[in-house]
1. Identify, from the list 135, 104, the residue that is touching a strand residue (DSSP E or B) at 6+ places or on another chain (Cβ under 6 Å), surrounded by fewer than 14 Cβ atoms within 10 Å (Cβ to Cβ) and modelled with pLDDT under 95.
2. With the requirement that a residue be touching a strand residue (DSSP E or B) at 6+ places or on another chain (Cβ under 6 Å) and farther than 30 Å from residue 261 by Cα, what does the stretch 78-101 give you?
3. What's the total number of residues in the stretch 66-77 that are in contact with a strand residue (DSSP E or B) (Cβ under 9 Å, 6 or more places away or on another chain) and surrounded by fewer than 16 Cβ atoms within 10 Å (Cβ to Cβ)?
4. Condition first: crowded, with 18+ Cβ neighbours inside 10 Å and within 15 Å of residue 226 (Cβ to Cβ). Now tell me which residues in the stretch 248-266 satisfy that.
5. Got a sec? Which of 188, 212, 183, 254 is more than 19 Å from the chain's Cα centre (by Cα) and farther than 30 Å from residue 133 by Cα?
6. Any residue that is touching a helix residue (DSSP H, G or I) at 6+ places or on another chain (Cβ under 9 Å), over 21 Å from residue 230 (Cα atoms) and in contact (Cβ under 8 Å) with a residue 24 or more places away in the chain - is there at least one of those in the stretch 38-57?
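The values are calculated or read from the model by the stated rules, or taken from the named source; none is laboratory data. This structure is a prediction, so every number in the text was calculated from the model and none was measured. Glycine gets a Cβ as well: all are built from the backbone with ideal geometry, and neighbour counts include every protein chain shown.
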């Protein structure tokens, strides 16, 4: 009898312990830590650009060969005529950036671009100085640059998705110059030169990586960036022989400077967004 009482008491104690344990709060599983992705500018990219281009140091300077310098001194063939150009530019670019520290940090890279430019201008000067020449003289100057390309290094500092950079390197462009001097009606001196000119370019700008919910981020990734930049190019000078085609003497030399600036905006798609 006594054993039965002990067994019944033990069973009741075990049932009470089980019920009490069921009332205790359950231990939750430890949370899984998921690091927040940090944006990095490292990666290759390609894109398009468009903007405004204009020439600088755009005075055509003429000197006469031998005795024809006297015509320049008298103003019949003007020593300096401004032939300014401005217009639209559009093209594309490819490049690669490397960021040393994701988030905020130094960014270095290289970029190559090529763009169409509609730089084309013609200036006609009509000169009549009877004391120096009884004829009306017409001087026509034309300059054109239809293409410009650059290969540049880039160095900048990133503040997360915002990048400030400087850039500089090699530039080349398809440049055409022509000059015609008329005495009365006939063309008496003429010259033309079309050549791929080379030089340097430098500038700077800002670039921003769009959030995925931006309406401009049509890929809906963290790999679309927009930029604004200014570039100044210098392709040196072009010396043009305006040779005699019926006039006296050998002719004239006219020198053009091939310098200008570009202000443009662009959009890039970057591979390897994180």
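1. Just a single option satisfies the conditions, and that option is 104.
2. Scanning the stretch 78-101 gives a single hit, 100.
3. Of the residues in that region, 3 qualify.
4. Passing the criteria: 264, 266.
5. Answer to the selection: 212.
6. No - not one qualifying residue is present in the stretch 38-57.
One line per residue, one yes/no per condition, for (1) modelled with pLDDT under 95; (2) part of a loop (DSSP other than H, G, I, E, B); (3) closer than 21 Å to residue 82 by Cα:
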position	(1), (2), (3)
171	no, no, no
178	no, no, yes
199	no, no, no
204	no, no, no
219	yes, yes, no
